[in-house]
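The next block holds one structure in the form of structure tokens; read it before the comments.
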Number of protein chains: 2
Amino acid sequence: MSEPTAGPTPEPPAEQKGDLRVEPSRVRYELLHVDAQTGARRGRLHTPHGTIETPVFMPVGTVGSVKAVGPDDLVAMNAQIILGNTYHLMLRPGEALVHAMGGLHRFVSWDRPMLTDSGGFQVFSLSGKRKIREEGAEFQSHLDGSRHLLTPERSIQIQESLGADIIMAFDECPPALSDRPYFEASLARTTRWLSRCVKAWGRQRSSLFGIVQGGLHPDLRQRHAEEICAFDLPGFALGGYSVGEEPLAMHEGVAQAAPLLPKDKPRYLMGVGTPLDLLTCVGSGIDMFDCVLPTRCARNGLLFTWNGKLPIKNARFARDETPLDPGCGCYTCRTFSRAYLRHLFMAKEILAMRLNTIHNLSFFLELMTRAREAIEQDRYGDFTRETLARLQA
Amino acid sequence: MSEPTAGPTPEPPAEQKGDLRVEPSRVRYELLHVDAQTGARRGRLHTPHGTIETPVFMPVGTVGSVKAVGPDDLVAMNAQIILGNTYHLMLRPGEALVHAMGGLHRFVSWDRPMLTDSGGFQVFSLSGKRKIREEGAEFQSHLDGSRHLLTPERSIQIQESLGADIIMAFDECPPALSDRPYFEASLARTTRWLSRCVKAWGRQRSSLFGIVQGGLHPDLRQRHAEEICAFDLPGFALGGYSVGEEPLAMHEGVAQAAPLLPKDKPRYLMGVGTPLDLLTCVGSGIDMFDCVLPTRCARNGLLFTWNGKLPIKNARFARDETPLDPGCGCYTCRTFSRAYLRHLFMAKEILAMRLNTIHNLSFFLELMTRAREAIEQDRYGDFTRETLARLQA
């Protein structure tokens, strides 16, 4: 696109100098600013499907659909990136089918960035129905009881077939109450598995992120972070949080672990969390989050607002003409009253699921938008305190 | 819009001469053209919430929501008018609540025309749980077993509280297999009930339509049509069809009954029907239809296309990259493949309900759009034959 010039070839634009030119498949993180009050980072993650402003919350699209909403709704609420779950998609409809249909982006009609998990977390949650060994994890499908073997190689192959922009390493998330010897053995195995993931990774379209485990053991986290971050990967994640521990313990753990990850790479805290969790962990330097909380709560009628959580089935909303959240600009709040939303929920109308989900996701996305603005203005600490007070979180 | 002229006061524009000026609450039908090949009528129904191009199909919004879609979806598919069900709304959330929230239009955020039924049809469907007497019908709620009395006066009062543009008379739809003496007694009572409805009707915002019953008895239909159409009402409906009889018998009955209704008023065939029913009965001079068929079939995965019905769960669509209906311009067909729609349906994703409903309703609405064009061009008979051959209906 550059104009032809006489004389020496001009410097290529900055955009072309980064990883994107050398390895067009790799996502690239650009750190824009660190908040003066906290460790919160304002950044950009460049991907083959566009640039993500961070910190970012990623809605979860388990089985190829963010439950109850369409891509039109997600675009309207300005979701920047959505997740897909490898475990669910490998079983139904199967990654070969998705690949034959042109990949996950095309299959679900989403042309913005996507991320898939490795399938490990779901498999290890099937306690009693799975068996871990060095090769990988054997498990039985929750759908039909059929037996499957998920290995680091197979997980990468599935994820590359799906074709997300970001794919995750196959790791074990050790049960929180495991003893120390189990933790040590598990972490060492996860490191060996990452080595196999990296070998299997084709680097063609999808960028592989490594995952640091270690539960709430600071020394194990540190050692594992060193092992995992020794791999030259485009991004790193913290796994094994929000698995039953107290929120304060989790916040402390993340505050210690986040700085162990490279400054020039995106930092992703997996499966987290509440608005309190998000704001706190952004302050510790986390860039990416995903959680089913807003979508699941929406389907159960628990709605997040700028004045706290609101159980829509409560009788006090029966004749409440006001919008769900007067401070929210989403389709649901622009269009309907609390009275109508309560009626739809009580009558079990399918539309209730969509409208509630649009609102809850919009709230989480707006929370991150405001966080980004606060970081840019070096007032992220104040913003967090004020917001948490409002949310009574 | 007319230019100012000197001399005598000019004739007011046609728009101001009709019922709309004398009684601004009344809907007014304008017959534009009768097809040269059939009895199909191209018309316009002017209502307080806008003008409806007829013939028209009206999506059914039972409990204050057209199941699985939002008003945004209905506007996008260009639905002109939707229905609400008095029986469902009187029980939940109750017409007093809807009235207090500004009426049904505002409650459900729909600013185009609406129609409510009288509640009679649903009450009389509760066999065993209802008792008919001269005063009205006693019934038990399907929700909590509570006892209610629905009378002509109460039905009109509820419907006026809801505030739809068009409200329906409280009638009995006699069971199709009733004997002749039962039919005769029922029709006479329905006529007496209409007289009470008319007395109760405030004529303020809602226009009352009368309903002609008589099953498949031509002489009873004729006599009842004479009784009902003796009332000076803004529109008339045929009830008691599509209640289990053979389609051909229904088509014959409608062909005989439709011409018994006034030419200068809209003719509404209640609860009908399939694409074959719609096209056939438009040819007999029907202007308005409603049916849960497209929405209910959508939720069960049966999709209407210009090449016939398509059961989306069929395995042959598992890897079908084509749109559901290449001849359809709806959001679903513009955006997704059959493979994805099948996947969503098999995985029981909520999004499947919305996407399928958007398509089926779009199909029914487009069928009526094409019917209107064919009438305007005096080729409605040819259009019906060609379309039915394509639909294999």
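A:Ile158 passes all but one of (1) among the aliphatic types (A, V, I, L, M); (2) closer than 18 Å to A:Ile228 by Cα; (3) assigned to a helix (DSSP H, G or I); which number fails?
Result: A:Ile158 passes all but (2).
Being surrounded by fewer than 22 Cβ atoms within 10 Å (Cβ to Cβ) and either within 28 Å of A:Glu245 (Cα to Cα) or touching a helix residue (DSSP H, G or I) at 6+ places or on another chain (Cβ under 8 Å) (or both) is the filter here, so list the residues in the range A:147-160 that pass it.
Residues satisfying the conditions are A:His148, A:Thr151, A:Glu153, A:Gln157.
Go through the range A:156-175 and count every residue that is over 13 Å from A:Gln204 (Cβ atoms) and under 18 Å from the mean Cα position of the chain (by Cα).
Within the range A:156-175, residues that are over 13 Å from A:Gln204 (Cβ atoms) and under 18 Å from the mean Cα position of the chain (by Cα) number 7.
Hey, among B:Glu226, B:Glu245, which residue is open to solvent by 10 Å² or more (accessible area, probe 1.4 Å), acidic (Asp, Glu) and outside any loop (DSSP other than H, G, I, E, B)? Break it down stepwise before answering.
On the way: B:Glu245 fails: outside any loop (DSSP other than H, G, I, E, B).
The match here is B:Glu226.
Given (1) open to solvent by less than 60 Å² (accessible area, probe 1.4 Å); (2) part of a loop (DSSP other than H, G, I, E, B); (3) touching a Leu at 6+ places or on another chain (Cβ under 6 Å), where does A:Leu143 come up short, assuming only one miss?
So the condition that A:Leu143 fails would be (1).
How many residues are polar (S, T, N, Q) and within 24 Å of A:Gly43 (Cα to Cα) when one looks only at the range A:216-272?
Residues flagged as polar (S, T, N, Q) and within 24 Å of A:Gly43 (Cα to Cα) within the range A:216-272 amount to 1.
Go through the range B:99-119 and count every residue that is away from every other protein chain (no Cβ under 14 Å) and out of contact with any helix residue (DSSP H, G or I) (no Cβ under 7 Å at 6 or more places or on another chain).
Of the residues in the range B:99-119, 3 are away from every other protein chain (no Cβ under 14 Å) and out of contact with any helix residue (DSSP H, G or I) (no Cβ under 7 Å at 6 or more places or on another chain).
More than 20 Å from A:Glu349 (Cβ to Cβ) and of a type in the set (Ser, Thr, Tyr): does that describe B:Thr151?
Judged against the criteria, B:Thr151 is a match.
A:Ala68 - would you say it is open to solvent by less than 50 Å² (accessible area, probe 1.4 Å) and under 29 Å from A:Val56 (Cβ atoms)? So that I can check it myself, show each step before the final result.
Working: open to solvent by less than 50 Å² (accessible area, probe 1.4 Å): yes; under 29 Å from A:Val56 (Cβ atoms): yes.
Considered against the rule, which asks whether it is open to solvent by less than 50 Å² (accessible area, probe 1.4 Å) and under 29 Å from A:Val56 (Cβ atoms), A:Ala68 comes out as yes.
Within the range A:258-270, which residues are out of contact with any Gly (no Cβ under 7 Å at 6 or more places or on another chain) and either assigned to a helix (DSSP H, G or I) or open to solvent by less than 10 Å² (accessible area, probe 1.4 Å) (or both)?
Answer for the range A:258-270, where residues must be out of contact with any Gly (no Cβ under 7 Å at 6 or more places or on another chain) and either assigned to a helix (DSSP H, G or I) or open to solvent by less than 10 Å² (accessible area, probe 1.4 Å) (or both): A:Leu260, A:Leu261, A:Leu269.
Filter the range B:103-131 down to residues that are open to solvent by 40 Å² or more (accessible area, probe 1.4 Å) and not in a helix (DSSP H, G or I), then give me how many there are.
Within the range B:103-131, residues that are open to solvent by 40 Å² or more (accessible area, probe 1.4 Å) and not in a helix (DSSP H, G or I) number 7.
Mind checking which residues of the range A:271-301 are open to solvent by 30 Å² or more (accessible area, probe 1.4 Å), away from every other protein chain (no Cβ under 14 Å) and assigned to a helix (DSSP H, G or I)?
A:Leu276, A:Thr280, A:Leu293
Among the residues of the range A:270-284, which ones are closer than 18 Å to A:Gly239 by Cβ and not β-branched (Val, Ile, Thr)?
A:Met270, A:Gly271, A:Gly273, A:Asp277, A:Leu278, A:Cys281, A:Ser284
Could you tell me how many of the residues in the range B:42-78 are touching a helix residue (DSSP H, G or I) at 6+ places or on another chain (Cβ under 7 Å), within 18 Å of B:Leu269 (Cα to Cα) and either of a type in the set (Lys, Arg) or in a loop (DSSP other than H, G, I, E, B) (or both)?
Qualifying residue count for the region: 4.
Scan the range B:311-349 residue by residue and report those that are without any contact (Cβ under 8 Å) to a residue 40 or more places away in the chain, closer than 25 Å to A:Leu355 by Cα and either surrounded by fewer than 20 Cβ atoms within 10 Å (Cβ to Cβ) or within 7 Å of another protein chain (Cβ to nearest Cβ) (or both).
If the condition is that a residue be without any contact (Cβ under 8 Å) to a residue 40 or more places away in the chain, closer than 25 Å to A:Leu355 by Cα and either surrounded by fewer than 20 Cβ atoms within 10 Å (Cβ to Cβ) or within 7 Å of another protein chain (Cβ to nearest Cβ) (or both), then B:Gly329, B:Arg334, B:Thr335, B:Phe336, B:Ser337, B:Tyr340, B:His343, B:Leu344, B:Met346, B:Ala347, B:Lys348, B:Glu349 are the ones that fit.
The values are calculated or read from the model by the stated rules, or taken from the named source; none is laboratory data. Remember, it's a predicted structure, so these values are computed and weren't measured experimentally. Glycine gets a Cβ as well: all are built from the backbone with ideal geometry, and neighbour counts include every protein chain shown. Calculation scope for accessible area: heavy atoms of the full protein, side chains included, ligands and nucleic acids excluded. Shrake-Rupley method; radii C 1.70, N 1.55, O 1.52, S 1.80 Å.
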